[in-house]
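To keep things clear, I will list the structure first and then write my remarks on it.
The values are calculated or read from the model by the stated rules, or taken from the named source; none is laboratory data. It should be emphasised that the depicted structure is a prediction, and the values quoted were computed from it without experimental measurement. Neighbour counts run over all protein chains shown; Cβ positions are idealised from the backbone, glycine included. Please note that ligands, DNA and RNA were not included when accessible areas were found on the heavy atoms of the full protein model with its side chains. Shrake-Rupley method; radii C 1.70, N 1.55, O 1.52, S 1.80 Å.
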Amino acid sequence: MSNIPSEPEFEQAYKELAATLENSTLFEKIPEYRKALQVVSIPERVIQFRVVWENDKGEVEVNRGYRVQFNSALGPYKGGLRFHPSVNLSILKFLGFEQIFKNALTGLNMGGGKGGSDFDPKGKSDSEIRRFCVAFMTELCKHIGADTDVPAGDIGVTGREIGFLLGQYKKIRNLWEGVLTGKGTTWGGSLIRPEATGYGLVYYVNHMIQHASNGQESFAGKRVAISGSGNVAQYAALKAIELGATVVSLSDSKGALVVDGEGSFTPEEIALIAKIKVDRQQISSIASSAPFAGKFKYIPGARPWVHVGQVDVALPSATQNEVSGEEAQALIDAGAKFIAEGSNMGCTQAAIDVFEAHRQANPGAAAIWYAPGKAANAGGVAVSGLEMAQNSARLTWTSEEVDNKLKTIMQSIFQDGLKTALEFATPQEGVLPSLVAGSNIAGFTKVAAAMKDHGDWW
């Protein structure tokens, strides 16, 4: 890794995976997989392009566009598009690298990729966003297709942007195909797709809770701290509430909204937050108004973790590196037993080290469970894969059919990670298996085996 330019986010993701593999028995049992790690860490293709568009004043604007086609061993490249000022090649490589193994864990035929632009949709009119999407897809359409690369939405790319992007793809290619996922349900989208990442996160954690309690506990009665306020956070909160939990926090980039006392967010309050997010406003704009005033405290410039009091479950669901080592310890001190990432690489390496050290030092029921995003938040891309299948067959499944398939996939991801951890990262007697190790190794071995069959390494 030393011969590439500094790419801190990608290097963090690579080192986290590599350390897990090195500290397991995988390379002892299958030494040639070291070569597979070296090969898989380099993208098959990186596409960079300029995006020139006009604002409402008729002035020319220019942004950078990217698509990282990282690995196609298991299927077409699959991963979201992110429109945000922070987008750069390091972030997209980290996201694409994680996506390879996340997609592998779903059991569906999807490779890994990621893309986007440093364009900021906030403060832009619908017309400006449409013109940008037209310019962006005019270049991107040369490199994607239903059997080549199937992007989806991510931060800054909602159903609106997906619609604009697909419209331009059709105009240029004269082709209707499932080249994008996250589409509107009346034009090829899947039911449950907007909810899938949040729902899947809660389904996964429910398996953690049930396994840890020998089937005696669930989300019912648990206090749950959540960060973020986008789709993942909203639907994770709604599903947790449906299962009987108390949700005590949400947040955005400007601050955290935390229940002041023993109450919980309600579905109605989450709906109000969803509305302001559609309008691209901040939580701070409603924090002091009904029904939030008096029930919640708004903490500007803060993440929720040290402000939530006693909690059982923590679900970082905003962005990468949103839980520090100190915040990880604060969550443990607050009683958190189950931590799972709704965001990609939501925990810093220091935080992961804190969680893993606690797991190793505390036997049985006293230890905490930590699950990485590549396993816990795979529900979104899983339903994207189901959307691809529906498009290929020209079928539409019911909400119940999609939700049941999602539940089955999340259960399989949990069990696969657990089984693989016991096989390759055998803990000391009485110590819980590592879901980090199990998930990393399970995803990596699926991809490595396919790459060997294809002759990508030997």
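Just for region 63-100: of the residues that are hydroxyl-bearing (Ser, Thr, Tyr) and touching a strand residue (DSSP E or B) at 6+ places or on another chain (Cβ under 9 Å), which one is nearest to Val150 (Cα to Cα)?
Tyr77
Sort out which residues of region 159-184 are without any contact (Cβ under 8 Å) to a residue 40 or more places away in the chain and either part of a loop (DSSP other than H, G, I, E, B) or touching a Lys or Arg at 6+ places or on another chain (Cβ under 8 Å) (or both), and write them in order of number.
Those that are without any contact (Cβ under 8 Å) to a residue 40 or more places away in the chain and either part of a loop (DSSP other than H, G, I, E, B) or touching a Lys or Arg at 6+ places or on another chain (Cβ under 8 Å) (or both): Gly159, Ile162, Gly163, Phe164, Leu166, Asn174, Leu175, Trp176, Val179, Leu180, Gly184.
Give me a count of the residues in region 48-92 that are open to solvent by 30 Å² or more (accessible area, probe 1.4 Å) and outside any loop (DSSP other than H, G, I, E, B).
9
Checking the condition modelled with pLDDT of 95 or more, under 22 Å from Ala36 (Cβ atoms) and part of a helix (DSSP H, G or I), which residue from Ala382, Ala389, Ala450 passes?
Ala450
Across region 185-215, what is the total count of residues that are of a type in the set (Ser, Thr, Tyr) and assigned to a loop (DSSP other than H, G, I, E, B)?
Count: 2.
So, in region 245-258, exactly how many residues are assigned to a loop (DSSP other than H, G, I, E, B) and more than 20 Å from Ala334 (Cβ to Cβ)?
Total meeting the criteria: 2.
Condition first: part of a helix (DSSP H, G or I), buried (at least 19 other Cβ atoms within 10 Å of the Cβ) and not hydrophobic (A, V, I, L, M, F, W, C). Can you find one or more residues in region 219-233 that meet it? Before the answer, list the steps.
If we filter region 219-233 for residues that are part of a helix (DSSP H, G or I), which is where we start, we get 231-233.
Checking which are buried (at least 19 other Cβ atoms within 10 Å of the Cβ) leaves us with 231-233.
Restricting the remaining residues to those that are not hydrophobic (A, V, I, L, M, F, W, C) gives 231.
Checked region 219-233: at least one residue is part of a helix (DSSP H, G or I), buried (at least 19 other Cβ atoms within 10 Å of the Cβ) and not hydrophobic (A, V, I, L, M, F, W, C).
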